[in-house]
Amino acid sequence: MKFILTKELGRLVRWLRILGFDTAYHDSDNIGTLIIQALRENRIIATRRKAKVDDLEKKTIVIHSDKIQDQLQEIKAKLNLAIDESKMFSRCTVCNEALKEVKKEEVKTEVPPYVYEHHDEFMRCRRCRKVYWRGTHWGNVNKALKRLGIT
Ligand SMILES: [Zn+2]
């Protein structure tokens, strides 16, 4: 399942990417380009403003909650979303690109020495080159998702 979210849902974009979903962010008021991209890339539109996309009702969900944790639960319930834990943390939260594993030595100059010393698995975004590793933040995110009943 792939998504495109309108600009009021920026935080939800990042969380869906963390969960491993291919999620585009439509940061513009141009409904035409939103609909074209959704159709062309076969994405479900999630928005807060129903009137925007009335004619695409079946491919659109309206998110009513304000808080990010409620929004996550809402989208999960509405679409009966299956979360695949093996796909989590496999996508760049900044640009939506799939991450690829990189050798530890390759990132030596790009991560803090402490991180380099204590971690062995690193991944890199193919587009923005950002380096990711399974650190404390990762564990905290996982715990938060479990607590919310998302995973
Ligand atoms: Zn990236």
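The values are calculated or read from the model by the stated rules, or taken from the named source; none is laboratory data. This structure is a prediction, so every number in the text was calculated from the model and none was measured. Methodologically, a virtual Cβ is constructed for each residue, glycine included, from the backbone with ideal geometry; neighbour enumeration extends over all protein chains shown.
Observations on the structure shown:
- Of all residues in region 82-101, those satisfying the criterion of being of a type outside the set (F, W, Y) and within 14 Å of the ligand (Cβ to nearest atom) are S90, R91, C92, T93, V94, C95, N96, E97, A98, L99, K100.
- Within region 102-119, the residues that satisfy the criterion of being assigned to a loop (DSSP other than H, G, I, E, B) and within 16 Å of the ligand (Cβ to nearest atom) are E110, V111.
So that you can scan it fast, the table gives a plain yes or no per residue for (1) of a type in the set (K, R); (2) outside the structural domain of Y132 (by TED's automatic domain parsing); (3) surrounded by fewer than 14 Cβ atoms within 10 Å (Cβ to Cβ):
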{"residue": "I75", "(1), (2), (3)": "no, yes, no"}
{"residue": "L79", "(1), (2), (3)": "no, yes, yes"}
{"residue": "K103", "(1), (2), (3)": "yes, no, yes"}
{"residue": "E106", "(1), (2), (3)": "no, no, yes"}
{"residue": "V111", "(1), (2), (3)": "no, no, no"}
{"residue": "Y114", "(1), (2), (3)": "no, no, yes"}
{"residue": "H118", "(1), (2), (3)": "no, no, yes"}
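- Evaluated against (1) within 16 Å of the ligand (Cβ to nearest atom); (2) out of contact with any Phe, Trp or Tyr (no Cβ under 6 Å at 6 or more places or on another chain); (3) of a type outside the set (S, T, Y), F122 falls short on exactly one condition, (2).
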